[in-house]
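Structure record follows, encoded as structure tokens.
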Amino acid sequence: MSKQARPSNSKADEKSAVGVIEPDAPDDAQLQNERDAVKSDQKRHLSDYDSKTLIELLRQMLLIRRFEEKSAEQYSIGKIGGFCHLYIGQEAVCVGALSAIRKDDYVMTSYRDHGQALAKGMSADAVMAELFGKATGCSHGKGGSMHMFDKSLGMLGGHGIVGGQIPLATGVAFATKYQGTDQVTLCFFGEAAVNQGAFHESLNMAQLWKLPCIYICENNQYGMGTSLQRAMSLQDISKKAPAYEMASEFVDGMDVLAVREATTRAVERARKDYLPTLLEIRTYRFMGHSMSDPGNYRTRAEIEKYQERDPLKVFMASMLEEKIISDGEYQDMEKKVRDEVEHSVRFAEESPLPAPEELYTDVYANPIERKS
């Protein structure tokens, strides 16, 4: 279990005048204590890892942050269209989790999928070109922000239907067990997907059939514009797993090492015993639900207070204080990451649009025949 305390549900039984519960902004002292606790816990665990591993975790988190910031910029000037859901604030979740698996393991996620795509090994060029709708994108420009996919890397897509990937990932885990491999499947989803029947059906099936699937709930505390407190009677999502006799953990999603360690335990359980796990990883998105979301349901003060526990900044500070990386080395990393992101934009801009005939490919198993 993560050493971070579970958020209090003390207001769970209180009712407002209209019968809903308004989310409370976190207390300054509480957040300062939590940030100090995260840094303290991280420092105790830094010695468990070699410096190369720690620096790579930091680099991946930094790459995702700078990539998403650039995506927001390009969306704002009209280079990226359609839906665009950014991962800023949640980087520790996918980086920590994916660092605990092998290259041949599988990943499926929701429409907030840029982070998983980059952490699984997809190039910034391929992801940015997909956002631009270009033929050089990972899905040939036809998937866009919500459908990052690369079979060769085991990245089996972002999915636009809330909770739609959960039974699919369960099926992938069934397939690997049927084939006799020791591969595991990581399935990411938001807390709002927990209210879908597909979530409960999948957990029941995975535990009953002993499937090597790790269900990762990225609980950022808001389903679109609705607070978790207003939508879920049992807000401690990890407690839903015992209903299916499934192992579960509550994890601090602002601590990349806590996420990595919890996922490592789940992976060992899956490989050794073909048993699933539910991880509730509590995090916080700093941006709106999507680029079109003004975020009026949250106060600026609430966001700024959570930003004090920014997983990237806290981890970077821990690394600098323990002299695992120097300020100069970090600045060099920052420059290389920014150059990589800038290159991805140039690559996307210079890439061609999909050819008209691409309308007829990747639609059905058999190509559509055009009639003259």
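The values are calculated or read from the model by the stated rules, or taken from the named source; none is laboratory data. Not measured: the values here are computed from a predicted model. All Cβ positions, even for glycine, are placed from backbone atoms using ideal geometry, and neighbour counts span all protein chains on display.
Given the options M128, M108, M155, name the one that is buried (at least 24 other Cβ atoms within 10 Å of the Cβ) and more than 15 Å from the chain's Cα centre (by Cα).
From the options M128, M108, M155, the qualifying one is M128.
Taking the range 204-222 as the region of interest, how many residues are at pLDDT 95 or above, in contact with a Leu (Cβ under 7 Å, 6 or more places away or on another chain) and farther than 14 Å from A169 by Cβ?
So the count comes out to 1.
Say whether the condition of being in contact with a helix residue (DSSP H, G or I) (Cβ under 9 Å, 6 or more places away or on another chain), of a type in the set (A, V, I, L, M) and under 19 Å from C187 (Cβ atoms) is met by at least one residue in the range 307-317.
No; the residues of the range 307-317 include none that is in contact with a helix residue (DSSP H, G or I) (Cβ under 9 Å, 6 or more places away or on another chain), of a type in the set (A, V, I, L, M) and under 19 Å from C187 (Cβ atoms).
Output the residue which, of all residues in the range 159-192 that are among the polar types (S, T, N, Q) and under 17 Å from K272 (Cα atoms), is surrounded by the most Cβ atoms within 10 Å (Cβ to Cβ).
That would be T185.
For the range 131-152: of the residues being part of a loop (DSSP other than H, G, I, E, B) and of a type in the set (K, R), which is nearest to the chain's Cα centre (by Cα)?
That would be K142.
Does S248 satisfy the criteria of being among the hydroxyl-bearing types (S, T, Y), farther than 22 Å from Y297 by Cα and assigned to a strand (DSSP E or B)?
Yes, satisfied.
Could you give every pair whose Cβ atoms fall below 6 Å, whose first residue belongs to the range 261-272 and is free of Cβ contacts under 8 Å to residues at least 40 places away in the same chain, and whose second residue is crowded, with 18+ Cβ neighbours inside 10 Å, counting only separations of at least 6 or pairs across chains?
That search, which allows pairs on different chains as well, returns R269/L275; R269/T277.
Any idea which of Y87, Y111 is in a loop (DSSP other than H, G, I, E, B) and under 23 Å from D339 (Cβ atoms)?
From the options Y87, Y111, the qualifying one is Y87.
Condition check: in a helix (DSSP H, G or I), crowded, with 22+ Cβ neighbours inside 10 Å and under 23 Å from the mean Cα position of the chain (by Cα). Does A92 satisfy that?
Here the answer is yes, as A92 does meet what is asked.
Considering only the range 209-242, state which residues are touching a residue at least 24 places away in the same chain (Cβ under 8 Å) and either assigned to a helix (DSSP H, G or I) or among the acidic types (D, E) (or both).
Result: W209, E218, L228, Q229, R230, A231, D236, I237, S238, K240, A241.
Can you name every residue in the range 36-77 that is surrounded by 15 or more Cβ atoms within 10 Å (Cβ to Cβ), in a helix (DSSP H, G or I) and hydroxyl-bearing (S, T, Y)?
Result: S71, Y75.
State all residues of the range 242-272 that are closer than 11 Å to A97 by Cα, hydroxyl-bearing (S, T, Y) and surrounded by 19 or more Cβ atoms within 10 Å (Cβ to Cβ); if no residue qualifies, say none.
Of everything in the range 242-272, just one residue is closer than 11 Å to A97 by Cα, hydroxyl-bearing (S, T, Y) and surrounded by 19 or more Cβ atoms within 10 Å (Cβ to Cβ), namely T263.
Restricted to the range 50-77, and to residues that are without any contact (Cβ under 8 Å) to a residue 24 or more places away in the chain and of a type outside the set (D, E), which residue is nearest to Q116 (Cα to Cα)?
Among those residues, the one meeting the criterion is K52.
Please report, ordered by residue number, the helices (runs of 4 or more DSSP H) entirely within the range 273-372 with at least 1 residues that are in contact (Cβ under 8 Å) with a residue 60 or more places away in the chain, among the aliphatic types (A, V, I, L, M) and crowded, with 18+ Cβ neighbours inside 10 Å.
Output list reads 311-321, 327-350.
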